[in-house]
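The values are calculated or read from the model by the stated rules, or taken from the named source; none is laboratory data. Note that the structure is predicted; figures quoted are calculated from it, not measured. Using ideal geometry, Cβ is built from the backbone for each residue, glycine included, and neighbour counts are taken over all protein chains shown.
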Amino acid sequence: MKIDLNSDMAEGFGAWRMAEDETLLGIVSSVNLACGFHAGDAVIMDRTVRLAKERGVAIGAHVGFPDLMGFGRRLMQIEPKEMEKYAIYQLGALEGIARAAGARMTHASFHGALGNLISVDQSMADAMARAVRAFDPTLFVSSSPGTAIARAAEAQGLRVFTKFLADRAYDAKGLLVSRKLPGSMVKDADAVRKRVARLLTDGTVVAVTGEALRMQVDSILIHSDTAGAVDLARTIRGAIEAAGGSVAPFPQTLGGVR
């Protein structure tokens, strides 16, 4: 079994760095890079793209709301058609950086409040799928299983790769628990290891309310800004290998955990 190990990166700004991206790039197999709206800038994007290319890590755009001050984690009242253009803008920014570095972009992922919104809001999800298709219909869309964006992407003829967020709690519907609620983040390394091991062995994740959710995924994500992210990423990789699997970039892992 091969499965992708994914992380959000390039989330600094100017001289300020958010996480240990360089170290994480030696552990993960794909990344979603901030494109300047919720975090990131041209220099950080370029540096991260070049490191990812050097290490054979798949590169994707992490599209978010135009909210540098709130790190893209605040819900914004933006019309879907307007956000569609903002998404294309971000995809274009990363594509330009990647092309200049001799790399290629493989996928689009959606950050923070925007990502949460398009899990349940079909009109905004449709707008994000249209943006990806208009920009480059060969790009994959990264999504949690069974969400509005997964349906929208498939309706637009886009390929979807599904992910499990190892450091985030899920509710009974398979949606992420709001960061405003206690227990929304899973920071304990042993708890993360057990969640990943369970997913790999029987394809289920336990919701905060106790239900066992069946989850079919191609990728496991760790947030780079989670406390102890490097150790958590190593823990996840170890759990995958202990289960007899291997880590590989997501285009090689479609059909991973079923």
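Here are the numbers for the structure shown:
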read-out: Complete set of residues in segment 50-78 that are of a type in the set (D, E, K, R), in a loop (DSSP other than H, G, I, E, B) and surrounded by fewer than 16 Cβ atoms within 10 Å (Cβ to Cβ); value: Arg55, Arg74
read-out: Qualifying residue in segment 24-31 (condition: in contact (Cβ under 8 Å) with a residue 12 or more places away in the chain, touching a Phe, Trp or Tyr at 6+ places or on another chain (Cβ under 9 Å) and not charged (D, E, K, R)); value: yes
read-out: Answer residue from segment 209-235, given it is of a type in the set (A, V, I, L, M, F, W, C) and not in a helix (DSSP H, G or I) and is surrounded by the most Cβ atoms within 10 Å (Cβ to Cβ) among those; value: Ile220
read-out: Enumeration of residues in segment 136-181 that are of a type in the set (A, V, I, L, M, F, W, C) and assigned to a strand (DSSP E or B); value: Phe140, Val141, Val160, Phe161, Phe164, Leu165, Leu176
read-out: From the options Ala248, Ala227, residue that is among the hydrophobic types (A, V, I, L, M, F, W, C), modelled with pLDDT under 90 and under 18 Å from the mean Cα position of the chain (by Cα); value: Ala227
read-out: Residue, nearest to His107 (Cα to Cα), within segment 201-226, restricted to residues that are touching a strand residue (DSSP E or B) at 6+ places or on another chain (Cβ under 7 Å) and of a type in the set (S, T, N, Q); value: Ser219
read-out: Segment 133-180, residues that are touching a strand residue (DSSP E or B) at 6+ places or on another chain (Cβ under 7 Å), among the β-branched types (Val, Ile, Thr) and free of Cβ contacts under 8 Å to residues at least 24 places away in the same chain; value: Val160
read-out: Residue in segment 188-198 that is crowded, with 16+ Cβ neighbours inside 10 Å and assigned to a loop (DSSP other than H, G, I, E, B) present; value: no
